[in-house]
Amino acid sequence: MEPEDDLCQNNWGGSSSSSSSKRREQVCFTSQHKWEDASILDYEMGMEEEPAFQENSNNNNGGQVNVDFLQGVRAQAWDPRTMLSNLSFMEEKIHELQDLVHLMVARNGQLQGRQEQLVAQQQQLITTDLTSIIIQLISTAGSLLPSVKHHNMSTAPGPFTGSALFPYPREANNLASQTLNNNNNNTCEFDLPKPIVVEEEHEMKDEDDVEEGENLLPGSYEILQLEKEEILAPHTHFCTICGKGFKRDANLRMHMRGHGDEYKTPAALAKPNKEAVPGSEPMLIKRYSCPFPGCKRNKDHKKFQPLKTILCVKNHYKRTHCDKSFTRSRCHTKKFSVIADLKTHEKHCGKNKWLCSCGTTFSRKDKLFGHIALFQGHTPAIPLEETKPSAQKGSSACENSNNNNTGMVGFNLGSATNAIEEVAQPGFMDGKIRFEDSFSPLSFDTCNFGGFHEFPRPMFDDSESSFQMLISSACGFSPRNGGESVSNTSL
Amino acid sequence: MSHSILSALSEDLLVRVYGFLDPPCRKTWRLVSREFHRVDSLSRTSIRILRVEFLPALLFKHPNLSSLDLSVCPKLDDDVVLRIALDGAVSTSRLKSLNLSRATAVRARGLETLARLCRALERVDVSHCWAFGDREAAALSVAAGLRELKMDKCLSLSDVGLARIVVGCSKLNKISLKWCMEISDLGIDLLCKKCKDLKSLDVSYLKITNESVRSIALLPKLEVLEMVSCPLIDDAGLQYLENGSPSLKEIDVTRCDRVSSSSLISIVKGHPDLQHLKASHCISEISLSFLHNIKALKHLKTLWIDGARVSDSSLLTLSASCRALTELGVSRCVGVTDIGMMGLARNCSNLKALNLACCGFVTDAAISAVAQSCLNLESLQLESCHLITEKGLQSLGCYSKRLQELDLTDCDGVNDRGLEYISKCSNLLRLKLGLCANISDKGIFHIGSKCSKLLELDLYRCAGFGDDGLAAISRGCKSLNRLILSYWGELTDTGAEKIRQLEQLTHLELRGIKNITGTGLAAIARGCKKLAYLDLKQCENIDDSGFWALAYFSRNLRQINLCNCSVSDTALCMLMSNLSRVQDVDLVHLNRVTVEGFEFALRACCNRLKKLKLLAPLRFLLSSELLEVLHARGCRIRWD
């Protein structure tokens, strides 16, 4: 925390010393920092702890900051004093901005002939400050209405959102972040290119079901019907120069860049049809029909339900009217006509580890238990892989030691042959103490332990249970002779 | 002559006579004649096997057995069970009850064989089998007629295993799942859906939530619900029970931290016939509304509210309405004084058990009142009641002729006179005098001479008496089976000679007694043949001669603690190989034993050990195959 704090303070202090007229960019950052610092002061509780808040001095994540900021405000109970300090702070801020503009006006008089770039920078600077004031104002207003959720505030059209500058407050946030980014200072902020959303095929696949609820009046849209060959063609976008085919328009545009500089301009790279000219009349909505006769998606069907996009048409046609050519490499049980469906299946296949005795598998334990509760006699199955090690653990361990002659046998049987083998094992001779006849339990009885032969050996001891008798061999169990034969072998 | 008289009796007459005998006499009966022995063999219905070698023969000899206890049979494993099954001569079809507690070496194969062999099986106890998991549960579920199942501390059992049992044994009416930590709400839910006949359910210490209580509340016949220390269950969960489980008679919510009196009130409201309410250490205060609702329980017999703040007035109100109360637990209750206790004694004359541990304000007056009015008192816990003196004990001696259990641990006021009074309670079975500093040989002499039925005597850290007191005990209390003498500095070999006379002794703690040597231990080993538990921790002066004697005589020893003893390599090996029933051994800080000594000793007993405590460094010094074998045989090693 400390170093970051310092960094923040230093920036602020350092940049405040430099005159705003000298380096506008710097001023721009400064004002942003000042804002944050001030807010730290305002909400000293909790806000200082917010790491994202302070790290942003290096990070151009302005939008994130503001969101945190808003949450911080919301988290607090509404306090008139906070409100007052907010308002006075805003007032101060506006005055500052006013001064700045005054300065610019004065400068403009002097530096008429300077580059356009400077003008853009100034504009950007003002924009940034205005943005932050607006955000501050919105958040302040938000704290007045505790019931209003932060999300609503930022998306619902507020008093400032009607302005031409910021159609939506969230974009204003983005803008604020963009202005922080000095890479962007040559481009115009107002038509920030939206990130190209690459529409994944399998993301779209449910769409032909989703739009069931869409109630478009017949005739309010234009119906297009593609031919079967067109639908099944691997590529839909073709390069006009070399003829190479692409699945996606965006990929084609990327490819086109290789054919010359004229394809590298922003206009050529922009997504067509997306930026509708504001003045033009609204375009008729396009919907698609399946070429398969009798299909519900075919326009001649009584209850015709149109498909939304070309992709929907493709997936629908492949799923319903084509052979399922993609098979699972592992289980070969399921077939798919759309490769994305196979991929989705593979993602979840094998996760059905909850198995019922009836053979049904479940991906979740609670589903299995619900199934078992429902049906009489069904039980959860225990996977077979676990069977072998757990069931035969004991005996296999014994067998192991048996093979190695490591002594287990000696204990189990107490036989002399094993004892001899054991002595032959070098590892067992290393011990300091050496038991002549191995350490089979029998040996202790035969060993001469000093004067302890004087103890009278009780042969039968009627204790605790009447059936309890003494035996000297530790485990001379033999199944056929039972208890009777266990008489002392050593005596 | 006697022979002719006996031969006149017909077999069915003999069987009838035999039916009146109690177990010790039956032993003698068996020795009378062949005929008597036959009667015994045929009439015997329950048996506890100590050595697995005799199991087939015994099962063959006693065809009418209905109960078989294998819990102290250390070498029982799958192979033994399979061999019995292959033998075929054994009749197990009448066997109804099977105790496999701590039989960790019996796994799925063995259990399945047993379950198939004993077709009439109704009760099974597999508690403390840490290796008992889902496969074992699946094997056990073959026994479809199972009514009672105890699975305490089956640590590997999960919901899947429980589901197998639940589906296989749908007639279950009693199940205990205490400490089965893997069991979750899903398992409990399925149990409650499938076993509608369940009458008794123990879910203590499980990590189950309110959802489980919701399922449990749907059991129509549930009578006993134990949920000690369920940390995730709160008031909202218990409220499901208000309108559920209509025949609930007993509920135990001891140490459920998130349960308050409000939910107990709702349970009480829904079950006016509740007989046992155990809510120790979960409610902090007896509120008026709680009291008001408790008053409505006319049949309340047991009430545990240990640890709560109880005022005298509330105790009076309580006792005035719940007159049937036979058991009350108010230990560690702040606010319990003589006034409250005297009121209780006046009203609840049927009281049989009273726990007043750590109620520091209770004096002789309260004890006298309880003794005079509650003539049926059988158990009284007065641990750390420092104001109790000989006067209180005098009235106990005068009136409480039925007293069986008395706990006076850490009561400074107990002196020789007090013990003299107590000795008049001739039915006393268990007496705890630990940490009582003011007693001497004289007091102990009184106990020894009069309390001849005593089974258990706790003299932990009692400083003031010597070998003479012990002599009196050993002369008088012949049936004593549990004796705790730990940290009692004055015990010498002479005293040990006295202990030798207590032939029934099974549990002996001699921790920290420096004066006892090999001679003393040898005497004890020679005399107390039934010894099953022996604690010799920090008995530093016992030499190998003592351990050798132990190895020769104490063949019934099941659990032994040898920490800090000066046992040698050879003595340890001999102990471990000769004590053929030993299951649980503590072998920490044995300075004279080498790594090889440990290796040999453990190899000698690895097929029967269930629990073992060793110093952590040995983990890397002992051979890996030894540790593997130990693990495979179901032995748990605690590395200290």
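Yes/no per residue for (1) crowded, with 19+ Cβ neighbours inside 10 Å; (2) acidic (D, E); (3) touching a Phe, Trp or Tyr at 6+ places or on another chain (Cβ under 9 Å):
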{"site": "B:C195", "(1), (2), (3)": "yes, no, no"}
{"site": "B:I208", "(1), (2), (3)": "yes, no, no"}
{"site": "B:S212", "(1), (2), (3)": "yes, no, no"}
{"site": "B:P220", "(1), (2), (3)": "no, no, no"}
{"site": "B:S229", "(1), (2), (3)": "no, no, yes"}
{"site": "B:S262", "(1), (2), (3)": "no, no, yes"}
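Within the range B:47-62, restricting attention to residues that are under 20 Å from B:D87 (Cβ atoms) and among the basic types (K, R), the residue that is nearest to the other protein chains (Cβ to nearest Cβ) is B:R51. Number of residues in the range B:63-75 that are among the hydrophobic types (A, V, I, L, M, F, W, C) and facing chain A (nearest Cβ under 10 Å): the value is 1.
The helices (runs of 4 or more DSSP H) located wholly in the range B:431-520 include none with 3 or more residues which are in contact (Cβ under 8 Å) with a residue 60 or more places away in the chain and under 25 Å from B:V72 (Cβ atoms).
Tell me which residues, restricted to the range A:279-292, are at pLDDT 85 or above and out of contact with any strand residue (DSSP E or B) (no Cβ under 6 Å at 6 or more places or on another chain). Hits for the range A:279-292 are A:C290, A:F292. Being at the interface with chain A (Cβ under 9 Å from one of its Cβ atoms), within 21 Å of B:G237 (Cβ to Cβ) and buried (at least 22 other Cβ atoms within 10 Å of the Cβ) is a property that B:D134 lacks.
In the range B:304-340, what residues are acidic (D, E), in contact with a strand residue (DSSP E or B) (Cβ under 8 Å, 6 or more places away or on another chain) and not in a loop (DSSP other than H, G, I, E, B)? So that I can check it myself, show each step before the final result.
Residues of the range B:304-340 that are acidic (D, E), as a first pass: B:306, B:312, B:327, B:338.
From the residues that got through so far, the ones that are in contact with a strand residue (DSSP E or B) (Cβ under 8 Å, 6 or more places away or on another chain) too are B:306, B:327.
Scanning the range B:304-340 gives a single hit, B:E327.
The set of residues in the range A:234-252 being out of contact with any Pro (no Cβ under 9 Å at 6 or more places or on another chain), touching a residue at least 12 places away in the same chain (Cβ under 8 Å) and not aromatic (F, W, Y) consists of A:P234, A:H235, A:T236, A:H237, A:C239, A:I241, A:C242, A:R248, A:A250, A:N251, A:L252.
Residues are listed down the side, and each one gets a yes or a no for (1) of a type in the set (V, I, T); (2) under 29 Å from B:K478 (Cβ atoms); (3) touching a residue at least 40 places away in the same chain (Cβ under 8 Å):
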| residue | (1), (2), (3) |
| --- | --- |
| B:D12 | no, no, no |
| B:K27 | no, yes, no |
| B:E35 | no, no, no |
| B:S46 | no, yes, yes |
| B:I49 | yes, yes, no |
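Which of the residues spanning the range B:271-299 are among the small types (G, A, S) and touching a Pro at 6+ places or on another chain (Cβ under 8 Å)? Let's see the steps before the verdict.
So in the range B:271-299, the residues among the small types (G, A, S) come out as B:279-280, B:284, B:287, B:289, B:296.
Once the filter is applied, which keeps residues that are among the small types (G, A, S) and touching a Pro at 6+ places or on another chain (Cβ under 8 Å), the range B:271-299 yields only B:A296.
When the criteria are applied in full, B:T317 meets the requirement of being in contact with a Lys or Arg (Cβ under 8 Å, 6 or more places away or on another chain), on the phi < 0 side of the Ramachandran plot and hydroxyl-bearing (S, T, Y).
With the structure loaded, tell me whether B:A371 is in contact with a Ser or Thr (Cβ under 6 Å, 6 or more places away or on another chain), crowded, with 18+ Cβ neighbours inside 10 Å and on the phi < 0 side of the Ramachandran plot or whether it fails that test.
yes
Within the range B:585-601, restricting attention to residues that are at the interface with chain A (Cβ under 10 Å from one of its Cβ atoms) and in a helix (DSSP H, G or I), which residue is surrounded by the fewest Cβ atoms within 10 Å (Cβ to Cβ)? Looking at residues that are at the interface with chain A (Cβ under 10 Å from one of its Cβ atoms) and in a helix (DSSP H, G or I), I get B:V595.
For the range A:375-385, what are the residues that are more than 9 Å from chain B (Cβ to nearest Cβ) and not in a loop (DSSP other than H, G, I, E, B)?
A:L384, A:E385
Considered as a group, the residues in the range A:284-297 that are within 13 Å of A:L224 (Cα to Cα) and surrounded by fewer than 16 Cβ atoms within 10 Å (Cβ to Cβ) include one that is farthest from the chain's Cα centre (by Cα), and that residue is A:L284. Note on the range B:27-46: among residues that are in contact with a Ser or Thr (Cβ under 7 Å, 6 or more places away or on another chain) and more than 7 Å from chain A (Cβ to nearest Cβ), the one that is nearest to B:C129 (Cα to Cα) is B:S46.
Name the residue that is farthest from B:E242 (Cα to Cα), counting only residues in the range B:269-302 that are surrounded by fewer than 20 Cβ atoms within 10 Å (Cβ to Cβ) and hydrophobic (A, V, I, L, M, F, W, C). So, considering only residues that are surrounded by fewer than 20 Cβ atoms within 10 Å (Cβ to Cβ) and hydrophobic (A, V, I, L, M, F, W, C), the one farthest from B:E242 (Cα to Cα) is B:L288.
Just one residue in the set B:A144, B:A85 is within 14 Å of chain A (Cβ to nearest Cβ) and in a helix (DSSP H, G or I); that residue is B:A85.
Taking the listed residues B:S349, B:S384, B:S395, the one that is closer than 19 Å to B:L328 by Cβ, outside any loop (DSSP other than H, G, I, E, B) and modelled with pLDDT under 95 is B:S395, with no other qualifying.
Within the range A:337-369, being assigned to a helix (DSSP H, G or I) and more than 26 Å from A:H321 (Cβ to Cβ) holds for A:K365, A:D366, A:K367, A:L368, A:F369. Residues in the range B:1-40 that are among the small types (G, A, S) and either within 18 Å of B:N64 (Cα to Cα) or surrounded by 11 or more Cβ atoms within 10 Å (Cβ to Cβ) (or both): B:G19, B:S33. Candidates in the range B:243-255 are the residues that are under 11 Å from B:L218 (Cα atoms) and not hydroxyl-bearing (S, T, Y); of these, the one that is surrounded by the most Cβ atoms within 10 Å (Cβ to Cβ) is B:G244. Number of residues in the range B:88-106 that are in contact with a strand residue (DSSP E or B) (Cβ under 9 Å, 6 or more places away or on another chain) and within 12 Å of chain A (Cβ to nearest Cβ): the value is 1.
Residue by residue, here is whether (1) surrounded by 24 or more Cβ atoms within 10 Å (Cβ to Cβ); (2) within 14 Å of chain A (Cβ to nearest Cβ) holds:
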position	(1), (2)
B:A523	no, yes
B:K530	no, yes
B:L536	yes, no
B:S545	no, yes
B:L572	yes, yes
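Restricting to the range B:352-375, name every residue that is assigned to a loop (DSSP other than H, G, I, E, B) and in contact (Cβ under 8 Å) with a residue 40 or more places away in the chain. Selection gives B:A357 alone.
Kindly indicate whether any position in the range B:609-621 is facing chain A (nearest Cβ under 8 Å) and part of a helix (DSSP H, G or I). The answer is no, given that none of the residues of the range B:609-621 is facing chain A (nearest Cβ under 8 Å) and part of a helix (DSSP H, G or I).
The values are calculated or read from the model by the stated rules, or taken from the named source; none is laboratory data. Keep in mind that this is a model prediction, so the values were computed, not measured. All Cβ positions, glycine included, derive from the backbone under ideal geometry; neighbour counts span all protein chains shown.
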